[in-house]
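Here is the structure we will look at, set down as C-alpha cells.
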Amino acid sequence: MNWKRYVLLVAGLAVLHAGPVRADRAAAPQQLDEVVVTATGSAKELLDAPGAIEVITAREIRDLNALNVAEALETAVGLVVSRESGRVEAPGIRGTRSKHTLVLLDGRRLAFGFNDQVDLRQIPTVMVERIEVVRGPASALYGNDALGGVVNIITRKAPEQWHGTVTGQAGVNISGEAAEYAGSGFAGGPVTDRFRFLVAGELRHKDGWDESGSLPDDGYEEEPGFLAGRAAFDLTDRQTLTTGLEFMDTVYTGDQFYENLARERRADEKRRGYFLQYDAGFRSMDRLMVRMNRSEYENELEFTPFAASGERHTEQATTQAEARYTGLFLDGHLVTLGAEYRRDGLDDTLAGTRTDRDVDNISLLIQDEFHLSDPLYTVLGIRWDDHSAFGSQWSPRGSLVYRLSDHLRLKGSVGQGFRAPSLTELYVTSLRKRGKEVFESDPKLKAETSTTWELGIAGDHGRYRGGVTGFYTEVEDLIESVFLRTEGSGKDKRDIYRYRNIAEATIKGIEAEAGVRLPGGFSLDGNLTWQDVEDRAGEGAVGGLPEYKGYFKLGYELPDWRLRANLRMSYIGNLTYADGNSESYPLFGAYVAKGLNERFEIFAGVNNLFDKQVEQNDVVQIDPTTVYAGITAHF
C-alpha cells in the first residue's frame, strides 16, 4: 500500500477546502426532495412518476457505508447485483440478466467493460447525489440495453456555495485478511458569479484473501483510484454550459488456475469519461439539452507465468451526441423530441489475434405527457433506433397514473425493450472458465426484445409509505451460448460454444415495499420481490436468479445527540443455479455514526454479521464478516 498517495489526496482536498467556506455548510448534507428525472426525462415527484421507479439517496448510501455503486444497490427493489465472470458485479432487474440493464452516469452512456458488463465496483459513491432505478423496459426513452430497466447514477453538481467533505476509513475481515483502507472527498464552490466547479477523488487499497487455501484466491488484491471534476458556466440566467470528466483506474491481482497451471492474474482496468452539455430554458416548461459524451474503457489482462491465450488487451469506447427538446403544446401536452447519434467501438487483442470493429446507431424519439382527465395522467412514447449491425427497431411505451387521492396513485404501463448484440457477441472469440471454454461469435445475431405489462398502487401519508406492483414480461430471441463440440483431450480439452438467438422466457412477479417512522426516533423500512422466470424453450427455470429478494432495515436517529444507527438484513430466497442446486440465505449488517460537532463525525459498522459463506463455480459470492471504522469531516 502506498501511504503517500493517501496523504497527498487528503492534503490536496484540505487545501481546496481552505477557501471561503461557510461554517453552516459543515452540517450533514441536505435531505433531497423525492424528485426523479429518469422515468420521463423531465422532473417528476416520485409519487407521480410513471412506472416503477426508486430513488436511493446519498444519505441512504452513507448509512450503508457503500463505497461503490454495487454496494449502494443492496437496498434496491427487484434488483440483484451478481458476480459475473472475472468477478464483475453487475445489476439485473426483475429477473432479467445483467446485460439487460442499462447503466447511465448522469444520463450518459458508459462504454462496456469486461465481458460486455459495466462493473459497478469501479464507480465510487464519493460524489453520488442519488441513484434512480427504473424497473421495466425503458427503450422508448433510452434505446438499446434498457430491456430490463435502467440504473441512472446522478452525481453532485458544481455547487453555488463553497463546501466539501473528506472521509477516511479502514476495515478488515474476521480472519484478519482483506485489510482495506480508503480516503475520499469532494470540494467545490463558485469562483465568480457565473462560474463554479467541483472536484472529487478517492484512493483505496484492499488486500487479497484466501481462506480455502486452494486456487483461485477467494478475493483479489484491489487498488482503485478515482478522480472527477465538474464545471458550470452560466451564459445567461436561462442558459448554462456544463462540462466534466471522470477517471477510474483499478488494478486487480490474484492467483488462479488457468490452462492447467497456477498463475498470478493481473488486470488493470481504466475508465475515462468526458462530456460537454448545454442547457437552456425558454418559457416556464420549455427546455433544450444538447450534449456530447465520450466514454472509454481499457483493460490490460496478463498472467504470470505467461499464458498466450490469457494475455488480452481490450479497448471499448462510446461516442454519443444527443439533443432533446421539451415544450408545452396545445395547452396541456408536454412533448419531448429527441435525436441521438452513437458510435460504439471495440479493439480487442487476444493471443495475437486482433478484432477492431465499430457499429453506429441513429435514433429519434417522441414522448407526450398529458392529462386525459383531471385525475388521469398519461405518458405515450416511441423511439426508433437504426443499428448498423442488425437494422432498425421500434420501441413504444404507454403509462397511466391515476390520482386516487392526494396521497395515493394507481399506476399501469406497457412497454417494449431491446438489447442489440454486443460487439463481442458479434465479432470476438473469447475464453471463459479459465480457458476451458471457448465462445465463438456470430455476426448474424438479432436483437433481444421484451414486452412488459405492469400494474401497481403507491402512496404515502404522514409517517407511512408503501406500494405494490405486479409485472409480466415476455422476452424473445435471447442470445445464448450453444455447445458445438469438444476439442483436444486431457489437460488440453476445451469445449466450444457459439452465440445464437434460441431462447424465449416469461417473467412474472410482485414487488412490495413499505416504510414507517416510529416513535422515539426509530424507523422501519423494507421491500420484498417475488419473481418466477421460465425458459419457454423447454429448459425449465433460468439459473442464477433468486425467486425471492428482500431488504429490511431498522433505523434509529437522535438528532440532539447527532447519533444515527441501523440494523439491516438482505434476503435471497430460492436462488437456483444452472446445475440445479438451490439455496436461501439472509445477510445482516449494522452501522452507527456519532457527530462530534457540526464538522466531524465518526462511524463504525459490520457487514455479513454472521459470516454467511456462498460459493458458486469456485468464486466466492460474499465476503466474510468485515468490520470497519472511520471519520468524516465537513467543511
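So which strands (runs of 3 or more DSSP E) stay within the stretch 461-569 end to end and still have 2 or more residues that are more than 29 Å from residue 612 (Cβ to Cβ) and in contact (Cβ under 8 Å) with a residue 24 or more places away in the chain?
Counting at least 2 such residues, we get 464-487, 494-517.
Residues in the stretch 132-166 that are hydroxyl-bearing (Ser, Thr, Tyr) and out of contact with any Lys or Arg (no Cβ under 9 Å at 6 or more places or on another chain): how many?
Total meeting the criteria: 1.
What residue, of 275, 306, is farther than 19 Å from residue 346 by Cα and either of a type in the set (Asp, Glu) or without any contact (Cβ under 8 Å) to a residue 12 or more places away in the chain (or both)?
Step by step, each of 275, 306 is checked, and only 306 is farther than 19 Å from residue 346 by Cα and either of a type in the set (Asp, Glu) or without any contact (Cβ under 8 Å) to a residue 12 or more places away in the chain (or both).
Residue by residue through the stretch 108-167, note down the ones that are under 13 Å from the mean Cα position of the chain (by Cα) and aromatic (Phe, Trp, Tyr).
112
Tell me whether the stretch 124-141 contains one or more residues that are of a type in the set (Val, Ile, Thr), assigned to a strand (DSSP E or B), under 23 Å from residue 508 (Cα atoms) and in contact with a strand residue (DSSP E or B) (Cβ under 7 Å, 6 or more places away or on another chain).
Yes - at least one qualifying residue is present in the stretch 124-141.
Considering 241, 235, which residue is surrounded by fewer than 21 Cβ atoms within 10 Å (Cβ to Cβ) and over 25 Å from residue 104 (Cα atoms)?
Selected residue: 235, the only one of 241, 235 that is surrounded by fewer than 21 Cβ atoms within 10 Å (Cβ to Cβ) and over 25 Å from residue 104 (Cα atoms).
Any idea which residue in the stretch 405-430 is surrounded by the most Cβ atoms within 10 Å (Cβ to Cβ), counting only those that are in contact (Cβ under 8 Å) with a residue 24 or more places away in the chain and among the charged types (D, E, K, R)?
Going through the qualifying residues, I end up with 419.
For residue 263, state whether it is among the basic types (Lys, Arg), touching a strand residue (DSSP E or B) at 6+ places or on another chain (Cβ under 7 Å) and farther than 30 Å from residue 208 by Cβ. Spell out the reasoning first.
Details: among the basic types (Lys, Arg): yes; touching a strand residue (DSSP E or B) at 6+ places or on another chain (Cβ under 7 Å): yes; farther than 30 Å from residue 208 by Cβ: no.
Answer is no for this residue.
Regarding residue 284, is this residue among the small types (Gly, Ala, Ser) and either crowded, with 16+ Cβ neighbours inside 10 Å or modelled with pLDDT of 95 or more (or both)?
No, not satisfied.
Give the residue that is nearest to residue 518 (Cα to Cα), with candidates limited to residues of the stretch 545-584 that are among the small types (Gly, Ala, Ser) and surrounded by 16 or more Cβ atoms within 10 Å (Cβ to Cβ).
Per the stated criteria, the residue is 555.
Does any residue of the stretch 507-525 turn out to be touching a helix residue (DSSP H, G or I) at 6+ places or on another chain (Cβ under 9 Å) and at pLDDT 85 or above?
The first filter runs over the stretch 507-525 and keeps only residues touching a helix residue (DSSP H, G or I) at 6+ places or on another chain (Cβ under 9 Å), leaving 521, 525.
Next cut, at pLDDT 85 or above only: 521, 525.
Checked against the condition, which is being touching a helix residue (DSSP H, G or I) at 6+ places or on another chain (Cβ under 9 Å) and at pLDDT 85 or above, the stretch 507-525 yields at least one hit.
If you check residue 70 against the conditions, is it modelled with pLDDT of 90 or more and over 30 Å from residue 379 (Cβ atoms)?
Details: modelled with pLDDT of 90 or more: yes; over 30 Å from residue 379 (Cβ atoms): yes.
So residue 70 passes the test.
With the requirement that a residue be crowded, with 16+ Cβ neighbours inside 10 Å and either of a type in the set (A, V, I, L, M) or assigned to a loop (DSSP other than H, G, I, E, B) (or both), what does the stretch 585-611 give you?
Across the stretch 585-611, the qualifying residues are 587, 592, 593, 604, 606, 608, 609.
When you scan the stretch 94-107, do you find a residue that is over 11 Å from the mean Cα position of the chain (by Cα), under 24 Å from residue 426 (Cα atoms), buried (at least 22 other Cβ atoms within 10 Å of the Cβ) and of a type in the set (Val, Ile, Thr), even just one?
yes
So residue 193 passes all but one of these: (1) more than 23 Å from the chain's Cα centre (by Cα); (2) among the acidic types (Asp, Glu); (3) under 26 Å from residue 607 (Cβ atoms). Which condition number does it fail?
If we test residue 193 against (1) more than 23 Å from the chain's Cα centre (by Cα); (2) among the acidic types (Asp, Glu); (3) under 26 Å from residue 607 (Cβ atoms), just (3) comes out false.
May I ask you to list the residues in the stretch 231-256 that are assigned to a strand (DSSP E or B), over 19 Å from residue 188 (Cα atoms) and not aromatic (Phe, Trp, Tyr)? Talk me through it step by step, then tell me what you get.
Of the residues in the stretch 231-256, the ones assigned to a strand (DSSP E or B) are 231-236, 239-256.
Narrowing the set further to residues that are over 19 Å from residue 188 (Cα atoms) leaves 235-236, 239, 248-256.
235, 236, 239, 248, 249, 250, 251, 253, 254, 255, 256, listed by residue number.
What is the one condition in (1) buried (at least 18 other Cβ atoms within 10 Å of the Cβ); (2) farther than 30 Å from residue 490 by Cβ that residue 216 does not satisfy?
Failing condition for residue 216: (2).
Taking the conditions exactly as written (farther than 30 Å from residue 518 by Cα and either out of contact with any Cys (no Cβ under 7 Å at 6 or more places or on another chain) or outside any strand (DSSP E or B) (or both)), does residue 457 satisfy them or not? Give the derivation first.
Values: farther than 30 Å from residue 518 by Cα: no; either out of contact with any Cys (no Cβ under 7 Å at 6 or more places or on another chain) or outside any strand (DSSP E or B) (or both): yes.
Judged against the criteria, residue 457 is not a match.
Counting residues that are modelled with pLDDT of 95 or more, which strands (runs of 3 or more DSSP E) fully inside the stretch 332-445 reach at least 2?
In the stretch 332-445, 333-350, 353-373, 376-387, 391-405, 408-419 are the strands (runs of 3 or more DSSP E) which contain 2 or more residues that are modelled with pLDDT of 95 or more.
Got a sec? Which of 417, 490, 466, 470 is of a type in the set (Gly, Ala, Ser) and in contact with a Ser or Thr (Cβ under 9 Å, 6 or more places away or on another chain)?
Going through 417, 490, 466, 470 in turn, the sole match is 417.
The values are calculated or read from the model by the stated rules, or taken from the named source; none is laboratory data. Remember, it's a predicted structure, so these values are computed and weren't measured experimentally. Cβ: placed from backbone, ideal geometry, glycine included. Neighbour counts: every protein chain shown.
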